[in-house]
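Trainee: Let me begin by handing over the structure; questions about it come next.
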Amino acid sequence: MKASWIALAVLVVGCGSDGGAPAASATPREGSSPRPVRGLKQVARYDRLAVPVAFAHDGKRWIGAVDRELVIYDGAREVGRMPVMVGGTDGALAPLPDGGWIAGARVLAADGTARFDGWSWANRYGRFGSPKASAISPDGHVAIIDGADSPSTCLCDRERGTAGSAAGALVRLTFDSERPAERVLLEHGGRRFHVAASATAVAAVDGRALSVWPAAGDAPPATATLGVTDVQALAWAGDRYLVATSYVDMDRTDVVILDRDAGWQPAWTWSIPGQVRELRVRPGGREIAIAWNNYRATDRVLQDDRKVEVFALDGTRAASLDTAGSPASIAWSPKGDALLVAMVGNSPREQGVLRLAVR
């Protein structure tokens with residue numbers, strides 16, 4: 001749902017076999033989803049503060065961002081570490097089928113070295129150029145990045161008339177060779193996008209305007225006008241559906257499922273009674289895990305909901321779990337049979353990473 005990362009020199013300590021690619025059957029194929037979720041059960045808790053989090057390729061180990069580093073864990077035991085020089089992980093962390101990693105706007109090899117660095121790539125747009133939004137397909141072959149500059153806040157730059165702008169471009173990259181193939185989708189003077197990438201298409205939404213391009217070729221985009229104006233996240237659910245979230249107020253966030261076969265009009269719209277912290281589509285594309293909270297207080301706490309829930313695309317709730325801390329990051333295992341939940345809070349009880357089994 002968010003996205004972007006950089007030219008990093010990475011050193012892996014003790015990662016060993018963690019980068020091994022999974023068996024061919026480890027990740028469900030499109031249309032072959034795992035059995036529907038009927039419940040979630042906590043099977044482990046790790047006293048580690050790491051956000052975001054993701055399962056490793058074997059579905060057993062896991063990885064989390066700790067300050068400026070990516071740390072690989074076996075349960076609560078650290079087994080590897082990858083220092084990140086600039087940019088952090090920007091919210092997107094996932095394993096690749098060949099043993100590498102998606103880390104924001106970066107594609108990492110299994111040993112942690114950068115195959116592609118979206119932060120250094122975005123420097124072409126100016127002195128303060130960076131990836132404002134990015135998404136990389138689960139197979140690591142296609143990316144969509146909004147690279148743009150940022151105006152300088154230095155008074156000396158303004159006095160010299162060199163404060164710069166927020167201009168940039170929305171670009172599709174294809175990683176089929178050593179040097180990625182680029183196609184500029186849209187040049188802009190300072191727009192802000194939410195983007196999503198799959199193996200077959202890339203999508204971007206700016207305000208109410210949605211555009212969807214094929215993952216290859218020069219065909220023009222399919223476009224649609226959305227009925228929502230404050231999109232917070234965009235994600236693919238298989239090849240047919242796009243999932244968008246829209247903030248309404250403190251007590252409501254709408255989830256809109258857009259259907260390719262209906263011209264990207266909503267197939268289902270339903271609401272979460274709070275604010276979405278993170279959304280992740282289950283492997284197979286038929287269910288969505290959502291971490292959300294709702295906190296209101298005056299001189300006393302009026303409401304303090306902290307939940308992880310799983311929904312079918314039509315909004316039917318399949319499972320719900322209350323968490324001690326605020327759920328800040330969630331991740332499915334490659335087989336879709338487990339969830340990681342990274343919690344944050346003010347006390348040790350509220351901080352940690354949960355492993356949940358799907359029932």
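Trainee: (1) farther than 23 Å from GLY59 by Cα; (2) of a type outside the set (Phe, Trp, Tyr); (3) out of contact with any strand residue (DSSP E or B) (no Cβ under 8 Å at 6 or more places or on another chain): which one isn't true of GLY284, the others all being true?
Mentor: Of everything listed in (1) farther than 23 Å from GLY59 by Cα; (2) of a type outside the set (Phe, Trp, Tyr); (3) out of contact with any strand residue (DSSP E or B) (no Cβ under 8 Å at 6 or more places or on another chain), GLY284 misses just condition (1).
Trainee: Within the stretch 272-299, how many residues turn out to be among the small types (Gly, Ala, Ser), in contact (Cβ under 8 Å) with a residue 40 or more places away in the chain and in a strand (DSSP E or B)?
Mentor: 2
Trainee: Among (1) under 17 Å from the mean Cα position of the chain (by Cα); (2) within 20 Å of TYR247 (Cα to Cα), there is one condition ILE272 misses while meeting the rest; what is its number?
Mentor: The failed condition is (1).
Trainee: Can you pull out every residue in the stretch 325-359 that is part of a loop (DSSP other than H, G, I, E, B) and either closer than 20 Å to ASP251 by Cα or hydroxyl-bearing (Ser, Thr, Tyr) (or both)?
Mentor: Within the stretch 325-359, GLY325, SER333, SER347 qualify.
Trainee: OK, next. Is it true that GLU187 is surrounded by fewer than 15 Cβ atoms within 10 Å (Cβ to Cβ), at pLDDT below 95 and among the acidic types (Asp, Glu)?
Mentor: When the stated conditions are applied, GLU187 does not pass them.
Trainee: Follow-up question, since we're still on this one. Taking the stretch 208-233 as the search range and keeping residues that are free of Cβ contacts under 8 Å to residues at least 24 places away in the same chain, part of a loop (DSSP other than H, G, I, E, B) and open to solvent by less than 50 Å² (accessible area, probe 1.4 Å), which one is farthest from ILE272 (Cα to Cα)?
Mentor: Per the criteria, the residue is GLY217.
Here's the yes/no breakdown for (1) surrounded by fewer than 22 Cβ atoms within 10 Å (Cβ to Cβ); (2) in contact with a His (Cβ under 9 Å, 6 or more places away or on another chain); (3) at pLDDT below 90:
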{"residue": "ASP111", "(1), (2), (3)": "yes, no, yes"}
{"residue": "TRP121", "(1), (2), (3)": "no, no, no"}
{"residue": "SER134", "(1), (2), (3)": "no, no, no"}
{"residue": "GLY147", "(1), (2), (3)": "no, no, no"}
{"residue": "THR153", "(1), (2), (3)": "yes, no, yes"}
{"residue": "ARG158", "(1), (2), (3)": "yes, no, yes"}
{"residue": "ALA166", "(1), (2), (3)": "yes, yes, no"}
{"residue": "THR174", "(1), (2), (3)": "yes, yes, no"}
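Trainee: Is it true that some residue in the stretch 272-287 is under 25 Å from PRO138 (Cβ atoms), touching a Pro at 6+ places or on another chain (Cβ under 7 Å) and open to solvent by less than 10 Å² (accessible area, probe 1.4 Å)?
Mentor: Checking the stretch 272-287: not a single residue is under 25 Å from PRO138 (Cβ atoms), touching a Pro at 6+ places or on another chain (Cβ under 7 Å) and open to solvent by less than 10 Å² (accessible area, probe 1.4 Å).
Trainee: Right, next: Picking from ALA291, ALA331, which residue would you name as being open to solvent by less than 60 Å² (accessible area, probe 1.4 Å) and touching a Pro at 6+ places or on another chain (Cβ under 7 Å)?
Mentor: Exactly one of ALA291, ALA331 is open to solvent by less than 60 Å² (accessible area, probe 1.4 Å) and touching a Pro at 6+ places or on another chain (Cβ under 7 Å), namely ALA291.
Trainee: Being touching a residue at least 40 places away in the same chain (Cβ under 8 Å) and polar (S, T, N, Q) is the filter here, so list the residues in the stretch 112-163 that pass it.
Mentor: Answer for the stretch 112-163, where residues must be touching a residue at least 40 places away in the same chain (Cβ under 8 Å) and polar (S, T, N, Q): THR113, SER120, SER130, SER134, SER137.
Trainee: Would you mind telling me which numbered condition in (1) more than 14 Å from VAL308 (Cα to Cα); (2) under 16 Å from the mean Cα position of the chain (by Cα) ARG277 fails?
Mentor: (1)
Trainee: Still on this structure: Looking at (1) under 27 Å from THR174 (Cβ atoms); (2) modelled with pLDDT of 95 or more; (3) surrounded by fewer than 21 Cβ atoms within 10 Å (Cβ to Cβ); (4) not hydrophobic (A, V, I, L, M, F, W, C), which is the only condition THR269 fails?
Mentor: (1)
The values are calculated or read from the model by the stated rules, or taken from the named source; none is laboratory data. The structure displayed is predicted, hence computed values, not measured ones. Positions of Cβ are generated from backbone atoms using ideal geometry, with glycine treated the same way; all protein chains shown enter the neighbour counts. What goes into the accessible areas is simple: the full protein's heavy atoms, side chains included, and nothing from ligands, DNA or RNA. Shrake-Rupley method; radii C 1.70, N 1.55, O 1.52, S 1.80 Å.
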